[in-house]
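So the structure is just underneath, and the comments pick up after that.
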Amino acid sequence: MLIDYKPGAGTVIGADFVAKSAPDGQTIGMVNSSLAVNPTLRKTMPYDTQKDLSGVTQLFDMQLAIVARTDAPFNNLQELIAYAKKNPGKLNYGTPGAGSTTPRAANCCSAKPASRCSTWA
């Protein structure tokens, strides 16, 4: 087995490589939930998620977690949201990339209305 990492663009680069590979069963890809979300975030895609790729199996049931330093001024989500509302613009967060589902989840937890989550672009 040869592993050829194709990172970037929230799985678009790797999924595109798989979608355009020879249909001989020799190339497979591993993607996360971004594969399903990407068509809603991008005006164009280099492949058709439903026509060019087919799911084989689910490997993991993964959850997202929010973590912070132990000395952060909050201990749970309710306190984090209250802190964010009282301190707009002071919180920062890191994600694996703008094309992934993590920034979308972080956006839903922001001090702005949760409805903003559905209008992410």
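Since every read-out is calculated from the coordinates, none of them should be taken as a lab result. Keep in mind that what you see is a predicted model, and the values were worked out from it rather than measured. When we count neighbours, we look across all protein chains shown, and the Cβ atoms used for this are built from the backbone with ideal geometry, even at glycine.
A few notes on this one:
- Calculated on alpha-carbon atoms, Rg and Dmax of the stretch 9-52 in Å: 10.2, 30
- The order of the peptides 30-37, 49-56 by mean Cβ neighbours within 10 Å, most packed first, is 30-37, 49-56.
- Sorted by Cβ density within 10 Å, fewest first, the residues Lys6, Lys43: Lys43, Lys6
- Net charge of Cβ neighbours under 15 Å - reference Tyr47; Lys, Arg +1; Asp, Glu -1: +2
- Residues Thr102, Thr11, sorted so that the one with the fewest Cβ neighbours within 10 Å comes first: Thr102, Thr11
- For the stretch 9-52, the residue among Thr40, Val18, Ile28 whose Cα projects farthest onto the positive side of the dipole built from Cβ charges is Thr40.
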